[in-house]
Amino acid sequence: MKLSKLLVLTISSISLVVAGNLIETAKESGLKPIPSSQSELLKLIDNSKNPITKNKIELGKKLYFDPRLSKSGLISCNTCHNLALGGDDGIPSATGHKWTSNPHHLNSPTVYNSVFFSSQFWDGRSPHLEDQAQGPIQADPEMAAPKKLVVQRVTSIPEYIESFKEAYGDEKITFEKIADTIATFERILITPSKFDKFLEGDKNALNKNEKEGLKTFIDKGCATCHNDIALGGTMQPFPVVGKYKYSNVGDFKGDANSMVKVPTLRNITETAPYFHNGTVWSLAEVVKIMGETQLGVKISNIDTNKIITFLKTLEGEKPKITYPVLPKSTDKTPKPDMN
């Protein structure tokens, strides 16, 4: 065998070994892939108390996009969690009914992959999507719709009544069931990426620079909080060792124990502005701030760029969502209320 060919084979073998070691290191650091197996995935995203079905998904999609669930008739779930914009709204502070900005200057988190979060909302007050879906509909600065009004709007539309019957086997429509159905649709909003292929054993799914970025991400300690399938979604203290330079924007201090939900890093390149108060637009600045506030280290420009190279591998394939044609209102449908 010629020496040049032997060298190529040797280098290739070393690269495969290094990649294999990195996969194991990533898993040992708590990183997990979105399973490519549909049966394994279903085990993770399904809710035994509210099983996923095709009828629920289609109905939930319509409700997700229906602005009539808001008091004004103008705001839908998709307004703040826009599926065409990375699953959020792309503005610093969530804005809702009567153009009201969130009173705590809280940023809208992405809905994509939220099924993998162990806690919902920035203060973690909801344990799952079914509970979370009830909040924004009723909140005055968001959709501002009382439960009774939401039920009246939905039950005034014959097509919705029939769809609920098909999805649940009965015609009893409650506010909680409406929220459950929206949550069912949200449970399928997952975005697998080439990073997942890499963790599942495809050593060539990431290139050399992306692997180096992943290694830097782990070595710097980023995976301490940004781990598991969502690379986030758990409650952690913030800040830890350094002052957050934009803490004066809004009055949010976390939950009773000063814990804040860790944002997912999946599709992070599409969800600026960043942090709970939406103060930072540059991903490079985010990496440096996280180093100073959470890890107690100054991350160099070189290492910052390496980490961002890895973060780009988390840009996932979005589920194909066809914008639904919503059922028409009737004479009995409560009119929009802008007050």
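Each value in this text was obtained by applying a stated rule to the coordinates, not by laboratory testing. Predicted model only: the values in this text are computed from it and were never measured. Heads up, the Cβs are rebuilt from the backbone with ideal geometry, glycines too, and the neighbour counts pull from every protein chain shown.
Structure summary
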read-out: Loop-resident sites, the range 292-339, for trypsin sites (Lys or Arg not before Pro), counting at most 14 other Cβ within 10 Å (DSSP); value: 298, 320, 328, 332
read-out: Dipole moment magnitude, nearest 20 debye, the range 15-85 about Cα centre, only Lys, Arg, Asp, Glu C-beta charged; value: 440 debye
read-out: Cα gyration tensor shape for the range 45-186, rounded if a/c is under 1.5, else prolate or oblate; value: oblate
read-out: Fully extended contour minus Cα-Cα distance, from residue 121 to residue 322, at 0.36 nm per residue; value: 69.7 nm
read-out: Electrostatic dipole magnitude of the range 45-186 [Cβ: Lys, Arg +1; Asp, Glu -1; Cα centre; debye, to 20]; value: 300 debye
read-out: Neighbour-limited loop hits for GluC sites (Glu not before Pro), the range 193-248 (at most 16 other Cβ within 10 Å; DSSP other than H, G, I, E, B); value: 200
read-out: Two-site label geometry, residue 207 and residue 301: point separation in nm, points 7 Å out along Cα→Cβ; value: 2.2 nm
read-out: Gained length - residue 159 relative to residue 41, 0.36 nm times residue gap less alpha-carbon distance; value: 39.3 nm
read-out: Computed FRET value (nearest 0.05) for residue 100 with residue 21, which takes r as the C-beta separation and R₀ as 56 Å; value: 0.60
read-out: Rounded to 10°, Cα long-axis angle of helix 54-65 versus longest principal axis of the chain; value: 80 degrees
read-out: Residues in the range 298-317 reached by a label modelled at residue 282 [backbone nitrogen below 20 Å; 7 Å Cα→Cβ]; value: 298-312
read-out: Net lengthening on full extension, residue 329/residue 251 (0.36 nm per residue, minus Cα-Cα); value: 24.1 nm
read-out: Residue-averaged [θ]222 nm for the chain, counting only DSSP H segments that reach four residues, each worth -39500 (n - 2.57); value: -11000 deg cm²/dmol
read-out: Mean separation of Cα contacts under 8 Å (6+ apart) over length of the range 45-186, as relative contact order %; value: 30 percent
read-out: Sites matching trypsin sites (Lys or Arg not before Pro) across the range 36-79 that sit in DSSP coil, with at most 15 neighbouring C-beta atoms within 10 Å; value: 49
read-out: Relative exposure of 317, 285, judged by other C-beta atoms within 10 Å (fewest first); value: 317, 285
